[in-house]
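Visitor: Here it is, the structure in full.
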Amino acid sequence: MLCATAASPASRSCCSLLHESRNRRFFQTQLSGKLAMTPALKILVVLTSHAIAGSADHPTGLWLEEFTTPYYAFVDAGAEVDVASIQGGKAPIDPGSVRPEGKNPPSVERFLKDPAARVRIEASIKLDSVNSAPYAAVFLPGGHGTMWDFPQSERLAKLVSEAWGEGKVIAAVCHGPAGLVNARDETGKPLVAGRRVAAFSNSEEVAAKMEKQVPFALESRIRDLGARYESGPNFKPFAVRDGRLVTGQNPASSEKVADLVLEATRETAATP
């Protein structure tokens with residue numbers, strides 16, 4: 001877009017905003033009937049660093065669609081996204097989540113042709129160096145790798161707990177809720193206790209033939225913590241939002257989770 005020197009006042013205003021957005025992005029919200037401009041929405045995505053499920057001959061890691069679908073939903077909505085992982089550096093991708101070109105979900109196809117996005121996974125930030133303060137939301141994609149390193153990470157439990165206490169949105173999909181099992185709310189109780197939560201179901205784990213590989217059954221653990229666990233049919237989209245907590249059941253739920261995260265962050269931003 002080019003700005004003419006003789007443009008109308010309205011055109012000059014639009015051009016001014018365009019040039020400014022090149023240096024600083026903004027997240028727009030509608031408050032009391034007036035358009036408010038606030039610094040860009042920032043979302044932290046935390047990935048697993050665990051590459052082996054159970055035996056050494058079963059590679060795992062991040063289930064790619066659970067990252068790519070929300071990632072593009074967030075950036076296309078104008079959000080700034082930082083990508084961290086438990087150990088930092090290259091996060092492992094479950095090979096089962098990447099198929100030959102043309103046979104993947106649209107977001108995965110887009111990612112495979114997007115070098116800038118691929119670098120986010122190949123050079124992820126080490127979680128130990130991250131704090132929750134700059135972010136409006138923390139999002140945990142799944143993949144079976146999360147079942148090992150997410151529950152064992154004291155830093156992740158602390159970051160999620162701190163973010164919740166600061167009024168941020170917390171979200172996870174599929175096995176990502178494994179990162180919630182040691183998090184606490186502002187009262188010291190398990191974050192999921194008494195709240196609606198979706199996650200990979202026990203029946204889906206059996207259908208995936210992983211019930212003997214994983215260290216624990218995620219649905220059972222979440223129920224044991226006092227969550228109001230909810231689920232839909234196996235491998236069908238299902239996501240729930242309980243205030244600032246957003247969770248989804250499986251990879252197919254990634255889009256619904258992303259939509260609910262954006263909805264929750266906007267509502268949180270609009271709350272005085």
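The values are calculated or read from the model by the stated rules, or taken from the named source; none is laboratory data. From a predicted model like this one, the values you see are computed outputs, not experimental measurements. Every residue, glycine among them, receives a Cβ derived from its backbone with ideal geometry; neighbour counts consider all protein chains shown. Note: accessible area is taken over every heavy atom of the protein model, side chains too, but ligands, DNA and RNA are not part of it. Shrake-Rupley method; radii C 1.70, N 1.55, O 1.52, S 1.80 Å.
Visitor: Just a yes or no: is a residue in segment 234-247 more than 20 Å from LEU159 (Cα to Cα) and polar (S, T, N, Q)?
Guide: yes
Visitor: Related question: Spot the failing condition for GLU122; the list is (1) under 13 Å from the mean Cα position of the chain (by Cα); (2) surrounded by fewer than 24 Cβ atoms within 10 Å (Cβ to Cβ); (3) within 22 Å of MET147 (Cα to Cα), and only one is missed.
Guide: The single condition GLU122 does not satisfy is (1).
Visitor: Quick check on my filter: what residues within segment 229-255 are crowded, with 16+ Cβ neighbours inside 10 Å, farther than 24 Å from VAL206 by Cα and either free of Cβ contacts under 8 Å to residues at least 60 places away in the same chain or in contact with a Phe, Trp or Tyr (Cβ under 6 Å, 6 or more places away or on another chain) (or both)?
Guide: If the condition is that a residue be crowded, with 16+ Cβ neighbours inside 10 Å, farther than 24 Å from VAL206 by Cα and either free of Cβ contacts under 8 Å to residues at least 60 places away in the same chain or in contact with a Phe, Trp or Tyr (Cβ under 6 Å, 6 or more places away or on another chain) (or both), then ARG241, ASP242 are the ones that fit.
For every residue, the table says whether it meets (1) closer than 13 Å to LEU44 by Cβ; (2) open to solvent by less than 40 Å² (accessible area, probe 1.4 Å).
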{"position": "ASN131", "(1), (2)": "yes, no"}
{"position": "GLU154", "(1), (2)": "no, no"}
{"position": "VAL169", "(1), (2)": "yes, yes"}
{"position": "GLY179", "(1), (2)": "yes, yes"}
{"position": "LEU191", "(1), (2)": "no, yes"}
{"position": "PHE200", "(1), (2)": "no, yes"}
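Visitor: Given the criteria free of Cβ contacts under 8 Å to residues at least 60 places away in the same chain and in a strand (DSSP E or B), does VAL108 qualify?
Guide: Values: free of Cβ contacts under 8 Å to residues at least 60 places away in the same chain: yes; in a strand (DSSP E or B): no.
Considered against the rule, which asks whether it is free of Cβ contacts under 8 Å to residues at least 60 places away in the same chain and in a strand (DSSP E or B), VAL108 comes out as no.
Visitor: Give the number of residues within segment 199-237 that are in contact with a helix residue (DSSP H, G or I) (Cβ under 9 Å, 6 or more places away or on another chain), among the hydrophobic types (A, V, I, L, M, F, W, C) and not in a loop (DSSP other than H, G, I, E, B).
Guide: Here the count works out to 2.
Visitor: Restricting to segment 202-228, what's the tally of residues that are open to solvent by less than 40 Å² (accessible area, probe 1.4 Å) and touching a residue at least 60 places away in the same chain (Cβ under 8 Å)?
Guide: Here the count works out to 4.
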